[in-house]
Structure formats: C-alpha cells, structure tokens
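The structure appears below as structure tokens.
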Amino acid sequence: MKETPLTEKHIELGARMMPFAGYNMPVSYDGIVEEHLNVRENVGLFDVSHMGQFFIEGKEALLLIQKISSNDASKLVFGQAQYACLPNDKGGIVDDLIIYKLGEESYMLVVNASNIEKDLAWIKQANTFEATIEDRSDSMALLALQGPKSIDVLKKITPVNVEGIQFYHFAIGEIDGIENVIISATGYTGSGGFELYLDNRDAVKVWDKLLEIGKEENIQPIGLGARDTLRLEMGYCLYGNDINDETSPIEAGLGWIVKTKKEEEFYSKSLFREQRKDGVSKKLIAFTVHDRRVPRQGYEIVDIDENPIGIVTSGTLSPSLQIPIGLGYVDVDHAKVDQDIGIKTRNKILHAHIVKLPFYKKA
C-alpha cells in the first residue's frame with residue numbers, strides 16, 4: 001500500500017487505518033459521529049493527499065481540456081475552479097474532477113485517487129494538441145480544513161486574505177512561511193473551508209501547526225469515514241458508488257456540468273444532447289428511511305407494491321439528522337420528490353421517502 005506524507009502522524013494520533021484507493025488511510029480517530037459533528041460545528045482537518053493532481057500546460061492546453069471535460073473551461077478566469085466530469089465515449093463517466101485555472105496556458109486537474117492511472121491514460125490518448133501533461137500526484141500533499149471555524153484557524157498562519165476567497169475560487173500564497181501554496185475553497189463537506197495544495201515535504205509541518213493553533217476553535221483530525229457521511233448529507237456524488245463508467249452525468253443529476261452548447265466537441269456530446277432531448281430511463285434520487293436500519297449500497301429499491309424499480313448506491317445514518325439517508329437510481333417514472341418507496345433488505349422492506357437535496361441544511 002502507498003502512504004501519504006502524514007501516515008505516521010495518523011498512527012501516532014491513534015487513527016483506525018484501512019486500505020483506500022491503494023493507500024493506507026485513516027478512517028476515524030475518536031469516532032465518525034463525533035468527527036462529523038465537529039466539522040459541522042467547529043473545524044476539522046483532513047489528509048486527502050491520496051487525491052491526484054495533473055498539470056496541463058501549453059498554448060493548446062485549453063483545447064485539450066475542452067475535449068475531455070463536460071463543462072466549459074473557457075469561462076474560467078485566473079483564480080477560479082470548476083467542477084466537471086470526464087465523459088467516456090459511451091455516455092458514462094471516466095471520473096469527476098475539479099479544474100483550476102493557474103494561468104493563461106496552465107491548468108491543474110484534481111482527480112480521484114482510485115482513478116489516477118485510468119484518468120491519466122484517458123487524457124493522454126486525447127492529447128492531439130500542443131499541450132503537456134504532468135502527473136504530480138506522488139509529490140503533492142493535500143490538506144482539507146473544513147468547518148465554520150476554518151477561516152479563524154487559517155488566517156492565523158497566512159498573510160493571504162482567505163476571507164476574500166469565494167466558493168470555487170483559489171489564491172496562491174504563503175502558509176506558515178511556505179511559499180506557493182494553492183489555497184482553494186471548493187470543499188466536499190457543505191460546511192465551508194479550504195484545501196491546501198503543497199509539497200509533500202511541507203505536509204507534516206503544516207498539519208502539526210494547524211492542529212496546534214486550532215485548539216481554541218476545537219480543531220480535530222478527521223478521517224475518511226466522516227468525510228463520506230458529510231458529503232452524503234449534502235448529496236455529493238462519490239465516484240464508484242453514485243457515478244461510474246456506466247452512469248450518465250444527466251442521470252446522476254449533474255446536467256449542470258454538461259455544457260452541450262459549448263463550441264468545442266467533447267466526448268459523448270451528441271449522446272448527451274439526445275438524452276436532454278429524449279430524456280433518460282433512470283435517475284439518481286435522494287431518500288430518507290422511516291426506520292433505524294441503514295440502507296446499504298446494492299440494496300434493491302421497490303415501489304409501494306414491492307416491484308423492483310432501482311438500486312441503492314450510497315447510504316448512512318446521518319449524524320446531523322439522526323435518520324438513515326441514501327442515494328440510488330430508480331426508473332425515471334418513480335423518481336418524483338415526495339414519492340414513497342421501499343428499500344429491500346434481506347428480510348424486511350424499509351419504508352422510505354424521496355426528498356429534495358441537500359439532506360442537511362444550515363440553520
């Protein structure tokens with residue numbers, strides 16, 4: 001298994017470790033529920049250095065990105081980021097990612113850890129342009145400082161005006177004396193915060209410093225368990241669960257990142273146009289369960305007459321709401337909000353209700 005620059009720190013802090021995307025990663029420290037609620041109420045620090053970073057540069061860098069991205073990167077200005085997906089040529093999703101515009105001919109793509117090799121191969125085969133692709137995933141660390149008090153912690157160790165970094169924007173500046181750190185506000189928790197992209201050799205120093213200076217704000221290290229419950233409360237898709245090579249972004253409710261009106265051709269553009277025109281057969285829904293049992297990935301979804309209509313892709317007991325919640329694909333005829341459905345377990349059908357996202361709404 002691979003390790004991040006912070007693996008030993010996690011072990012010292014007593015984290016429960018497990019394999020994830022080929023890395024030895026912390027699942028939790030003091031418990032998923034406690035960590036989750038601390039991010040919602042205070043501030044938490046995540047090690048997400050397993051994520052991948054590709055740098056695309058050159059005078060035709062934008063043309064390459066436009067070919068592989070469902071979104072329209074021509075709209076980006078320096079200091080702005082954009083959520084997108086890499087469509088394959090069959091209407092599915094190679095990966096979802098975030099695109100950062102670093103300069104006129106310079107972009108950073110942040111991809112999922114489990115897809116680094118696959119994504120890199122996909123982008124390279126598409127590169128018929130004057131553009132270079134550099135994979136810096138193994139040399140970069142990524143810390144995510146999340147929660148309503150994250151700004152109070154971060155501004156103690158940077159001269160950068162972090163209060164001025166708007167959602168899906170970033171700045172490049174100094175953190176604790178370290179230059180050229182990318183400080184972004186993209187988030188994956190729904191409680192605000194920042195991501196710090198820095199060199200591996202600086203990760204331990206910044207990690208320790210943030211935990212030290214954040215004590216007043218009740219900072220805690222947070223594992224991947226709470227990261228999953230936090231994202232699910234917001235209804236954010238997780239690659240491998242809610243989206244994959246077989247799911248269309250339009251089926252997944254991600255039509256807003258599919259810009260079929262952009263001038264350039266991109267993979268599956270015509271197919272997505274057809275789906276927009278003719279509709280899709282299945283749709284990702286959000287639901288709450290009127291039971292204490294948690295819906296699990298792979299459970300069958302049924303209608304009120306117990307006929308199969310779909311399958312669960314993600315589920316958990318929401319720490320914020322204290323009810324089971326989930327996502328899943330159902331036939332489009334059964335995808336209306338406020339509709340009653342059932343979740344079939346081994347020996348029982350759990351009563352559930354389709355709801356509008358997000359599950360968690362700030363007070």
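Counted as qualifying within region 290-363 are the strands (runs of 3 or more DSSP E) with 1 or more residues that are within 24 Å of GLY190 (Cα to Cα), namely 308-317, 324-331, 349-355. Just to be sure, is GLY328 small (Gly, Ala, Ser), under 21 Å from the mean Cα position of the chain (by Cα) and over 30 Å from ILE68 (Cβ atoms)? For GLY328, the condition - small (Gly, Ala, Ser), under 21 Å from the mean Cα position of the chain (by Cα) and over 30 Å from ILE68 (Cβ atoms) - is not met. A single member of PHE266, PHE359, PHE287, PHE272 is over 18 Å from ALA252 (Cα atoms) and touching a residue at least 12 places away in the same chain (Cβ under 8 Å), and it is PHE266. Can you find even one residue in region 125-147 that is free of Cβ contacts under 8 Å to residues at least 12 places away in the same chain and under 21 Å from LYS101 (Cβ atoms)? No, region 125-147 contains no residue that is free of Cβ contacts under 8 Å to residues at least 12 places away in the same chain and under 21 Å from LYS101 (Cβ atoms).
Based on what the data block shows, is GLY190 touching a Pro at 6+ places or on another chain (Cβ under 9 Å) and outside any helix (DSSP H, G or I)? Yes: the conditions hold for GLY190.
State yes or no: is GLU117 closer than 27 Å to MET25 by Cβ, surrounded by fewer than 15 Cβ atoms within 10 Å (Cβ to Cβ) and modelled with pLDDT of 95 or more?
Numbers: closer than 27 Å to MET25 by Cβ: yes; surrounded by fewer than 15 Cβ atoms within 10 Å (Cβ to Cβ): yes; modelled with pLDDT of 95 or more: yes.
Considered against the rule, which asks whether it is closer than 27 Å to MET25 by Cβ, surrounded by fewer than 15 Cβ atoms within 10 Å (Cβ to Cβ) and modelled with pLDDT of 95 or more, GLU117 comes out as yes.
Scanning region 39-70 for residues that are in contact with a helix residue (DSSP H, G or I) (Cβ under 9 Å, 6 or more places away or on another chain) and part of a loop (DSSP other than H, G, I, E, B) returns ASN42, VAL48, SER49, HIS50, MET51, GLY58, SER69, SER70. Considering the conditions (1) crowded, with 21+ Cβ neighbours inside 10 Å; (2) touching a Phe, Trp or Tyr at 6+ places or on another chain (Cβ under 7 Å), PRO295 is excluded by exactly one of them, (2). Of all residues in region 1-19, those that are in contact with a helix residue (DSSP H, G or I) (Cβ under 7 Å, 6 or more places away or on another chain) and either farther than 30 Å from ILE123 by Cα or at pLDDT below 95 (or both) total 2.
The values are calculated or read from the model by the stated rules, or taken from the named source; none is laboratory data. Remember, it's a predicted structure, so these values are computed and weren't measured experimentally. So basically every Cβ, Gly included, is an ideal-geometry build from the backbone, and we count neighbours across all protein chains shown.
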